[in-house]
Amino acid sequence: MTIMAAKVSPDDIRARFSSAMSAMYRDEVPAYGTLMDLVARVNDETLAAQPELKARLDATDTLERISEERHGAIRLGTAEELATMRRIFAVMGMWPVGYYDLSTAGVPVHSTAFRPVGEGALKRNPFRVFTSLLRLDLIGDEGLRAEASAILARRQIFTPGAVALTEKAERDGGLSHEDAARFVSEVLETFRWHDKANVELSMYRRLHDAHRLIADVVSFKGPHINHLTPRTLDIDKVQSRMPAFGIAPKAVVEGPPTRKCPILLRQTSFKALEEPVAFRDGDGGWQAGTHTARFGEIEQRGVALTPKGRALYDKLLDDTRRLVRPAADGSNVDAYKAALAGVFKSFPDDWATIRSRRLGYFSYSLTEKSVNGVSSISDPEVLIAEGYICFDPIVYEDFLPVSAAGIFQSNLGDGAQQEFTASPNQKRFEVELGAEVLNEFDHYAGIEKASLEACLAALARQPAAE
Ligand code: OOG
Ligand code: NI
């Protein structure tokens, strides 16, 4: 066999990238390192207290990587930046999944999540990047809009090396070990914090007054990673222990309440820090100021919901918020939690009902009982009821717009609530991205269907039982 220049798998490049990003961010934001320590400690405690959970995770997950980052987020300024970012993420096996319109929630962006797709890739390294594109079209002040576009048009957020290596990977169908290492360090530069702004303080203030998020995107040389998010096995515990570790949590945990059968995604963060930034002073010098953008977050995931389950979730969340709107200062946390728990009582909390009412997606597998085959292949429901086929929840790997908006809001400063007219524009986003986003519901439905068909096919091949 001839030895070709071996290519590194995209999954390995992503794993290296996420670990390099983690090291950089811990170094840049020490409070994030503290959060990571707290998460690791609570995960250890949870595993020690629940041996059956430990055994299950050991069988299905990589236990030693349980406390590692699951996602991060960036905010881009132009369509060109988004299109190039897509090509860079593709080299790492990350594909755009889902479209999120955040204008409805008062944030002038629309977004997708670049993530690994498929069980093997997710298991190897689940890191994803929630990627938002600024929508200057939602800003009323035309003059400011034009100035912001001109500033964005002048910046180059990618190093020449990152672009060249992306082109090389596209041409050659991957990267060698040496190139992959260079690629990771070149791409990391795009995510780095810059404590010197691109603009004068007066311009920063005008952008900031239009919307804090616009200032965050337009004022800087690049789209600094604004948070990373490890996985926790007990989000309520981490939330309650943050203050003792010297970090201030946002007021409430976003998403569904604490449940026996977790659904979708729960997340919370510590509030963004006010950091020193030097602004241009117009005379070639610098002027001191600050900017608040970077934070740390944690997440806990549950079953992916079908459109029907999601509609129920959305309705119940809506009903809750009509009862109690969580205040940013945390003054009504208990009332909000009680309302959330009460309203969500109408969402079934056992797997069998969640499945039989088609609220969630499940993956099917054969049980021990099926090794001798079945006497006749009948309705899958009968095979399940008779114990030949079992089902496990499929984990939700995506995001939630209302939760994302809550995370944005609490990190843009609590007075930043602003109204925009809802104007989802997935078509335009996809044109700017240069690709279509994968529909997450179709994706989960496909996994479910394939798993059931594989069971039925395997049973059909087996000799019939007596
Ligand atoms: C992204 C917020 C969304 C999440 O976990 O829902 C997000 C941002 O603040 O840029 O990361
Ligand atoms: Ni996040």
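Some points to look at:
- For the listed peptides 106-112, 370-376, a ranking on the average number of other beta carbons within 10 Å per residue, highest first, reads 106-112, 370-376.
- Per-atom-type breakdown for the chain gives carbon and sulfur 53% of the accessible area (1.4 Å probe, protein chains only).
- Surface listing: Glu436, Glu397 arranged by accessible area from highest to lowest gives Glu436, Glu397, probe 1.4 Å.
- Furthest towards positive pole of dipole, Thr232, Pro243, Pro262, structure part segment 224-274, Cβ charges: Pro262
- Distance cut-off 27 Å, percentage of C-alpha pairs in segment 142-261 lying past it: 49 percent
- Solvent-accessible area of Met24 with every protein chain in place, 1.4 Å probe, in Å² to the nearest 10: 20 Å²
- Check: segment 332-401 dipole with +1 on Lys, Arg Cβ and -1 on Asp, Glu Cβ, in debye: 200 debye
- For segment 73-146, the fraction of alpha-carbon pairs in successive 10 Å shells from zero, as %: 19, 45, 25, 9, 2
- Principal-axis tilt of helix 30-49 within the chain, Cα atoms, nearest 10 degrees: 10 degrees
- The Rg/Rh ratio of segment 8-155, with Rg taken over Cα atoms and Rh as the Kirkwood radius over Cα pairs, comes to 1.06.
- Over segment 1-86, volume per residue of the alpha carbon convex hull, in Å³: 170 Å³
- The dipole here belongs to the chain: it is taken about the Cα centre, uses +1 on the Cβ of Lys and Arg and -1 on the Cβ of Asp and Glu, and is about 280 debye.
- With Cα atoms, 0 to 90° folded angle of helix 307-323 axis to the chain main axis: 50 degrees
- Mean residue ellipticity (222 nm) of the chain, computed from DSSP H runs ≥ 4 via -39,500 (n - 2.57), nearest 500: -14000 deg cm²/dmol
- Backbone HN-Hα couplings from phi across segment 218-227 [Karplus 6.51/-1.76/1.60, Hz, Gly and Pro as x]: 7, 7, 10, 5, x, x, 2, 4, 9, 6
- Backbone phi angles across segment 234-249, fed through the Karplus curve with coefficients 6.51, -1.76 and 1.60 (θ = phi - 60°), yield HN-Hα couplings of 8, 5, 5, 5, 5, 4, 6, 9, 4, x, 5, 9, x, 10, 9, x Hz in residue order; Gly and Pro are listed as x.
- On a per residue basis, the chain carries 44 Å² of accessible surface, using protein heavy atoms and a 1.4 Å probe.
- Which of Met92, Met203 is most accessible, then next, and so on - probe 1.4 Å: Met203, Met92
- Among the listed pairs Lys221/Lys271; Lys168/Lys449; Lys168/Lys221; Lys345/Lys369; Lys7/Lys271; Lys123/Lys449, a Cα-Cα separation exceeding 29 Å is found for Lys168/Lys449; Lys345/Lys369; Lys7/Lys271.
- The Rg/Rh ratio of the chain, with both radii computed over alpha carbons and Rh defined as the Kirkwood radius, is 0.99.
- Accessible area per residue was computed with a 1.4 Å probe on protein heavy atoms; Cys390 scores about 50 Å².
- Placed amide H near His291: partners under 5 Å, 5+ positions off or other chain: Glu275, Val277
- Helix 142-154 vs. the chain, principal-axis angle (Cα, 0 to 90°, nearest 10): 80 degrees
- Cα-based equivalent ellipsoid, segment 314-466: semi-axes from gyration tensor eigenvalues, Å: 43, 23, 11
- Amide H contacts under 5 Å for Leu438, placed H, 5+ residues apart: Val97, Gly98
The values are calculated or read from the model by the stated rules, or taken from the named source; none is laboratory data. Not measured: the values here are computed from a predicted model. In this analysis, Cβ positions are derived from the backbone assuming ideal geometry, glycine residues included, and neighbour counts consider all displayed protein chains. Calculation scope for accessible area: heavy atoms of the full protein, side chains included, ligands and nucleic acids excluded. Shrake-Rupley method; radii C 1.70, N 1.55, O 1.52, S 1.80 Å.
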